[in-house]
Amino acid sequence: MTVMLDAFASLLSYYQQVDSLSELMLEMAQQGQWELLIDQEKKYVFAVAKIAEHTGAMTAVLSEDQQQCIARVFQQLIKNEEEVKRLMQQRLSELHGMISVSSKQHTLVMTPISRTCVFR
């Protein structure tokens, strides 16, 4: 029984670590700190891999309360990921708009002026 509780505590700590990283990434996305977000995402992916590593064998032996506890953390992770994704898509749209404007400006600058006007 103690081994199971220790294993659950370990698994829960992995989920909480991922949850903390998820919250941090969400804050960074909300603040437009995209480079820092990408750096944190590497840690996040590593932490999620650890969860996958430890969850497989554990889920069959977890009590219903333990499963619900992990499910709540998991639901928050999904919610945070959806919001980060939405903010990233919004940023991509902004960048696309900026590139489009820049490209149009570049085209205008590079277009030769018509010589049909005669100055006298």
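Just so it is clear, none of the values below were taken in a lab; they were calculated from the coordinates. Here the structure is a predicted model, which means the values were calculated and not measured. Every residue, glycine among them, receives a Cβ derived from its backbone with ideal geometry; neighbour counts consider all protein chains shown.
The residues packed around Ala49, meaning those with a beta-carbon under 13 Å from its beta-carbon, carry a net charge of +1 if Lys and Arg are +1 and Asp and Glu are -1. Stokes-Einstein diffusion for segment 2-110, with the hydrodynamic radius set to the Kirkwood value over Cα pairs and evaluated at 4 °C in a medium of 1.567 mPa s, equals 80 µm²/s. Each label point was placed 7 Å from the Cα along the Cα-to-Cβ direction; for Gln31 and Ala9 their separation is 3.3 nm.
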